[in-house]
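J.: Handing you this structure, nothing more for now.
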Amino acid sequence: MKQEKTIGTFLTTALQVIVLTLAAGLCANARAGEDMLAIGDSNDNTVKFFDAETGKLLRRPFVSSGSGGLDGPRGLIFNQQNELVVVNQNVDQSFNGEILRYGSDGHPLAPLVPRTDPNSPYLPRGIVAVQGGKANRTLYVADMGDTVTSGKLRAYRLHATAGDFVGAFVPPATASLGTCDIPTAPYTTPGAFHPRAIVIGPDGLLYVSNFPCIATGLGGQVLRFNPNTGQFIDVFVASVNDLNRPEGLVFGPDGNLYITSFEAGASDNDKILIFQGPKGSSPGAFLDQINLDQIGQPRSYAQAILFGPEGKLFVPISGAGPDTGSVRRYDVSTKQFDLFVPPSAQKGPLGSPWYLTFGKTNPGTLAYPTNTGGEN
C-alpha cells in the first residue's frame, strides 16, 4: 500500500502561458472584482476558500473530504473554464492518484485523469498548466514516486473534460543528482528522481524541485526541463545551503527563485531559501533565506508557497509550532509577516495547509497579476 511521505508535450516552439481570471460569480459570497484563495488541507482532506483580501473563510465554495474521491489534495490550479483542478494523491490507498476537477460551487465534475487510467500519476504533488498555439493545452504533474517506485514528470494533453497522456520525463542517467549515504547500511547510492513541485520560469523552462534521497531525507535540487520536448536541461540549484527535501518553488516579482527547505535534524531549522533567477548575473546563486522556525524550537514548515496580492509571499504553515494551521503573509523585503489566516490553536479553520492557488494565479508561472494589470 502506497503511503505519503510528508517529511517534510509536446507543444509548439513558442510557449504562451495561460492567463486566467476568476469569474465574478465563482463564489456566491464574494463581491465582483475580488479574488479568492483556495488551500488544500491535508488534515481533513478538504479544499477551503478564503477572501484574498481579508483572509476570511468563505463558506462557499467548499470541497469536502471524499467529494469526487478527494483523499489527499495536493497541487491546485484554476483552468480556463474557471474550474478548480486538484491533484488527488489517494493517500494510503492501493491505487494511483488522479487529477480531479470541481465546478464553481465546489461540486465534483468528471476527473481529467481518473485513477483507473493506466497512466494516472502514482504519487502526484505539484501541477502547472501551459499553452502553446491556439489549442494545445498541457498539464504537467510531478509524480514523486517512493522508495520503491521512481518518480516521473508526467504530461497530459487537455481536452474539454479529459487529459490524454503525452509522456513521462526523467533526467538521463548521466544527470548529477548527488549521492545518498544510507544510514541503515554501510553504502552510498546515487541520488534519484523524485519530483515534488513544478513551475514555469521567466526563461520559459520547467523548474522542478527534486527530493533525491528519500531514505535519508537530506539534499535536494532544482532541475530544468524543456517543456516543448521534455529534454532535461540541467541542475539549476544543487544540494547547497542546507537545501533539504525541497518542495514548493515560485519566482517572485524580483525574478528570484524561492524554495521551501526542511530541517536536516535537530541542529537545523525549516526555511525558505532564495536563489537568483535565470535572468540575473549569477543564475542559481544562493542569495538569502527566510527562517520559518528556530533551531531547537517547535517546527513550522511549509510544503508550498505562492506570491499573491501586493507582492506578498503566502506561506501555509504545518508542524507543531504555535502558527500551525496558519497562512503567513510575508513582506520578503523585510522578512516580516502577519497571519493572513489564524492558526488552528486560535480556532483557525485549517489543520495542515499544503498547496494553494488564487483565482488570479497564473497556472503556469504561478505569478500573480500586478496592480497595473500586468503579470509578475
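J.: Which of (1) open to solvent by less than 20 Å² (accessible area, probe 1.4 Å); (2) among the β-branched types (Val, Ile, Thr); (3) farther than 27 Å from Val235 by Cβ does Thr334 not meet, given it meets every other one?
T.: Unmet condition: (1).
J.: So Asp288 fits all but one of (1) open to solvent by 30 Å² or more (accessible area, probe 1.4 Å); (2) not in a strand (DSSP E or B); what number is the exception?
T.: Here Asp288 clears every test but (2).
J.: Turning to a different aspect of this structure: Exactly one of these conditions fails for Cys180: (1) modelled with pLDDT under 95; (2) under 20 Å from Phe232 (Cα atoms); (3) assigned to a strand (DSSP E or B). Give me its number.
T.: The failed condition is (2).
J.: At least 3 residues that are of a type in the set (A, V, I, L, M, F, W, C) in each: list the strands (runs of 3 or more DSSP E) lying fully within region 35-138 that qualify.
T.: On the way: elements: 36-41, 46-51, 57-63, 73-78, 84-88, 98-102, 124-132.
Result: 36-41, 46-51, 57-63, 73-78, 84-88, 124-132.
J.: Any residue in region 328-343 that is more than 25 Å from Val47 (Cβ to Cβ), part of a loop (DSSP other than H, G, I, E, B) and of a type in the set (Gly, Ala, Ser)?
T.: As a first pass, look at region 328-343 and keep what is more than 25 Å from Val47 (Cβ to Cβ): 331-336.
Narrowing the set further to residues that are part of a loop (DSSP other than H, G, I, E, B) leaves 332-335.
Pick out the ones that are also of a type in the set (Gly, Ala, Ser) and you get 333.
Checked region 328-343: at least one residue is more than 25 Å from Val47 (Cβ to Cβ), part of a loop (DSSP other than H, G, I, E, B) and of a type in the set (Gly, Ala, Ser).
J.: With respect to Phe232, determine if the residue is more than 25 Å from Leu356 (Cα to Cα), open to solvent by 10 Å² or more (accessible area, probe 1.4 Å) and modelled with pLDDT of 95 or more.
T.: Numbers: more than 25 Å from Leu356 (Cα to Cα): yes; open to solvent by 10 Å² or more (accessible area, probe 1.4 Å): yes; modelled with pLDDT of 95 or more: yes.
So Phe232 passes the test.
J.: Among the listed residues Ala162, Ala155, Ala173, Ala168, identify the single one that is over 21 Å from the mean Cα position of the chain (by Cα) and either open to solvent by less than 30 Å² (accessible area, probe 1.4 Å) or within 14 Å of Asn119 (Cβ to Cβ) (or both). Write out each step before concluding.
T.: Values: Ala155 fails: over 21 Å from the mean Cα position of the chain (by Cα); Ala173 fails: either open to solvent by less than 30 Å² (accessible area, probe 1.4 Å) or within 14 Å of Asn119 (Cβ to Cβ) (or both); Ala168 fails: over 21 Å from the mean Cα position of the chain (by Cα).
Only one candidate qualifies: Ala162.
J.: Follow-up question, since we're still on this one. Does Glu247 qualify as being over 18 Å from Thr334 (Cα atoms), in contact with an Asp or Glu (Cβ under 6 Å, 6 or more places away or on another chain) and part of a loop (DSSP other than H, G, I, E, B)? Step through it out loud before you land on a result.
T.: Details: over 18 Å from Thr334 (Cα atoms): yes; in contact with an Asp or Glu (Cβ under 6 Å, 6 or more places away or on another chain): no; part of a loop (DSSP other than H, G, I, E, B): yes.
No, not satisfied.
J.: Look at Asn269 and say whether it is in contact with a Gly (Cβ under 9 Å, 6 or more places away or on another chain), at pLDDT below 95 and either surrounded by 18 or more Cβ atoms within 10 Å (Cβ to Cβ) or assigned to a strand (DSSP E or B) (or both).
T.: Numbers: in contact with a Gly (Cβ under 9 Å, 6 or more places away or on another chain): yes; at pLDDT below 95: no; either surrounded by 18 or more Cβ atoms within 10 Å (Cβ to Cβ) or assigned to a strand (DSSP E or B) (or both): yes.
So Asn269 does not fit the description; no.
The values are calculated or read from the model by the stated rules, or taken from the named source; none is laboratory data. Quick caveat, the model's predicted, so the values are computed rather than measured. Glycine also receives a Cβ, built like all others from the backbone with ideal geometry; neighbour counts cover every protein chain displayed. Accessible surface areas use protein heavy atoms only, side chains included; no ligands, DNA or RNA. Shrake-Rupley method; radii C 1.70, N 1.55, O 1.52, S 1.80 Å.
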